[in-house]
1. Quickly work out the residue 165-to-residue 133 label distance, labels modelled 7 Å from Cα along the C-beta direction, and quote it in nm with one decimal.
2. Roughly how many nanometres apart are two label points built 7 Å out from the Cα toward the Cβ at residue 17 and residue 54?
3. Testing the spin-label approximation: label points 7 Å from Cα along Cα→Cβ at residue 46 and residue 34. State their distance in nm.
4. State log₁₀ I(q)/I(0) for region 32-176 at q = 0.15, 0.16, 0.19, 0.21 Å⁻¹ as given by the Debye formula over alpha-carbon point scatterers of equal weight, solvent excluded.
5. Using the count of nearby Cβ atoms within 10 Å as a rough guide to exposure, how do 18, 55 rank from fewest to most?
6. Could you list which residues have their amide H under 5 Å from that of residue 24, counting only those 5 or more apart in sequence or on another chain, with H placed in the peptide plane?
7. When the gyration tensor of region 2-69 is built from Cα positions, what are the square roots of 5 times its three eigenvalues, in whole Å, from largest to smallest?
8. Across region 150-156, in residue order, what do the Karplus-derived ³J(HN,Hα) couplings come to in whole Hz, using 6.51 cos²θ - 1.76 cosθ + 1.60 with θ = phi - 60° and x for Gly and Pro?
Amino acid sequence: MAGMNALTGTFRLSCPRHGEARVLLSSFRQIGRLAGTAHPAVYRVAFGCACGGEHAALLTQEDLDVAPLGLIAHEPFVNLMTSRGGDLRDELTAIAGMRIGAGEWPWSFFCYLEDRPRPVTPSSFTLIAAGSARVAVAVACPGCGSISINVCTRAHVDVPFVNDARIGVVPHVYAADALPTVEAFREQLGSSAFDERRLELEQ
């Protein structure tokens with residue numbers, strides 16, 4: 001069971017305790033593509049649940065990259081200004097097209113190796129660790145393939161087209177097989193050494 005509500009930004013995933021969980025993207029912990037999947041590409045996602053546990057789910061690339069924009073939603077709505085019904089997908093598609101056409105991108109992160117910001121989609125995320133106010137995200141660059149760790153607000157991850165003006169970047173390039181564990185990732189997010197490096201890079 002999986003679904004996406006583009007208006008609330010939540011994924012509807014299965015919870016063995018409560019049956020269903022509504023989860024923001026920043027509550028994901030690991031995202032990895034399953035070998036041998038292509039049409040569609042399928043990803044195994046580990047996510048932190050409100051029940052206190054961590055569960056796994058399978059999502060397609062469309063679920064991760066397209067559904068949050070509302071481009072595949074089939075939900076009717078009533079326009080309170082005109083009292084006419086409409087399809088939510090049409091409205092959200094028009095908004096996304098207008099913003100992308102204006103040069104905005106739903107998600108963007110900074111590639112440390114290339115020393116430049118890059119447009120990405122959530123299927124490029126590999127690890128996510130959420131702190132009280134900030135989120136650390138390991139992102140695979142779609143250009144060079146290297147993995148950089150960015151520190152940003154939750155909204156930067158959860159809300160398409162909401163991009164922080166400045167984000168922290170760990171001054172290190174990671175190989176896919178040398179990333180820290182989620183636990184170590186979370187500990188580093190709250191450490192003073194991590195904050196000092198982040199603040200120095202933001203100045």
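Each reported figure results from applying straightforward, stated rules to the coordinates on display, with no laboratory input. Given the structure is predicted, the values throughout are model-derived calculations rather than measurements. Here the Cβ positions follow ideal geometry from the backbone for every residue, glycine too, while neighbour counts run over all protein chains shown.
1. In this crude spin-label approximation the distance works out to 1.6 nm.
2. It works out to 1.5 nm between the two label points.
3. Calculated label separation equals 1.7 nm.
4. Computed log10 I(q)/I(0) values: -0.89, -0.99, -1.27, -1.41.
5. Numbers: 18 11, 55 18.
Sorted ascending by nearby Cβ count, the order is 18, 55.
6. When sequence neighbours closer than 5 places are left aside, the close amide H contacts are 11.
7. The answer is 19, 15, 9 Å, longest axis first.
8. Result, ordered by residue: 10, 10, 8, 7, 4, 4, 4 Hz.
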